[in-house]
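A.B. asks: So that we are looking at the same thing, I have put the structure below in structure tokens.
The values are calculated or read from the model by the stated rules, or taken from the named source; none is laboratory data. The model shown is predicted, which means the values in this text are computed figures rather than measured ones. Don't worry about glycine lacking a Cβ; one is built from the backbone with ideal geometry, like all the others, and counts go over all protein chains shown. Each accessible area value is taken on the protein alone, full model and side chains, heavy atoms only, with ligands, DNA and RNA left out. Shrake-Rupley method; radii C 1.70, N 1.55, O 1.52, S 1.80 Å.
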Amino acid sequence: MSTRFVSARSFEEAFEALAGEEALAVAGGVSVGLLANLGLVSAATLVSVSRIPELRGVRVENGGLVIGAAMTHGRLAADPVLRRERPEVAAMFGHIGNVRVRAWGTVGGNLALAEPAQDPPVLLAALDAEAGIVGTGGTRRVPVAELGDGPMSTVLAPDELIREVVVPLPVAGERCSYRKFLPKTADDYATVSAAVRVRFDGGRIAAARVFCGAVGPVPVACEEAAALLVGRTHDELREPDDVVAAVRDAVSPVGDHRGSADYKREMAGVFVKRALEEIGSGGGAS
């Protein structure tokens, strides 16, 4: 079957082309190419959205960082605005997959794929980022933590696209650490990942967010673990046994070639502990 290719230069052109039967939107094409090779998706029409101007760039606006959905991982890793305002996010994008993936893969495509072991959803969820969505019926925002509703499934309607990701700027006293476990090769999906964000006030943690990836159908919010962090000092982060236990209770991993369910549950606790140790020692981006 031949495939028609449409390069849209506006949302109007994109939605018109996507209204046809068996039409699929692509930006970098990394996820679509992978799924197509596995025989999991097919399309009579591929609609490229990478040339739509609103999907490009990084800017500071209304107290947040607005990241265009068609920005590639490589460009985001090197973007001066992102590196200045959210260095932990830029660093995360710089360690996704390999150089080929970073050259073509986009943040919007990554979030739309909703693969449980991907990096961006975990860290962006911990930072309370939102996905700006545009569709034929208008626009809306959805927290990244709520964008996926299952493995390889999102709350996006068929006539909706991710337009941008809005990341809040850091506030005074904020520290954040993202860690992932790659036991075999640096360009593999994470066996587990962990993102911890805390805000210190008067020397103690006033608020916390803990998320783990690759240990559930979507990024797992470890709410009890986060609650246990509130009130602690830097020094008290070095012995977080109760927090680690709460993380292990919160996750629901499935065993695969990267490790058994019990192994992943153990590693989730280990990598949250390492993130806390980094923050406790004065590290973690702010």
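A.B. asks: Only residues that are out of contact with any Asp or Glu (no Cβ under 9 Å at 6 or more places or on another chain) and either touching a residue at least 24 places away in the same chain (Cβ under 8 Å) or surrounded by 13 or more Cβ atoms within 10 Å (Cβ to Cβ) (or both): list them for region 4-20, please.
C.D. replies: Within region 4-20, ARG4, PHE5, ARG9, GLU13, ALA14, GLU16, ALA17, GLY20 qualify.
A.B. asks: Picking from PRO80, PRO53, which residue would you name as being of a type outside the set (S, T, N, Q), under 30 Å from GLY284 (Cα atoms) and either open to solvent by 60 Å² or more (accessible area, probe 1.4 Å) or out of contact with any Gly (no Cβ under 9 Å at 6 or more places or on another chain) (or both)?
C.D. replies: PRO80
A.B. asks: Considering only region 157-169, how many residues are modelled with pLDDT of 95 or more and open to solvent by 40 Å² or more (accessible area, probe 1.4 Å)?
C.D. replies: Total satisfying the criteria: 3.
A.B. asks: If you go through region 120-130, how many residues are open to solvent by 10 Å² or more (accessible area, probe 1.4 Å) and either polar (S, T, N, Q) or closer than 14 Å to PRO217 by Cα (or both)?
C.D. replies: 1
A.B. asks: List pairs: first in region 23-50 and more than 19 Å from ARG163 (Cβ to Cβ), second of a type in the set (A, V, I, L, M) and part of a loop (DSSP other than H, G, I, E, B), Cβ under 6 Å, 6+ apart or cross-chain?
C.D. replies: Filtered contacts from region 23-50: LEU35/VAL41.
A.B. asks: Can you tell me how many residues in region 133-187 are in contact (Cβ under 8 Å) with a residue 60 or more places away in the chain and in a strand (DSSP E or B)?
C.D. replies: Here the count works out to 21.
A.B. asks: Condition (residue is out of contact with any helix residue (DSSP H, G or I) (no Cβ under 8 Å at 6 or more places or on another chain) and without any contact (Cβ under 8 Å) to a residue 60 or more places away in the chain) applied to region 81-89: is it met by at least one residue?
C.D. replies: yes
A.B. asks: For region 243-265, name all the residues that are open to solvent by 40 Å² or more (accessible area, probe 1.4 Å) and assigned to a strand (DSSP E or B).
C.D. replies: ASP256
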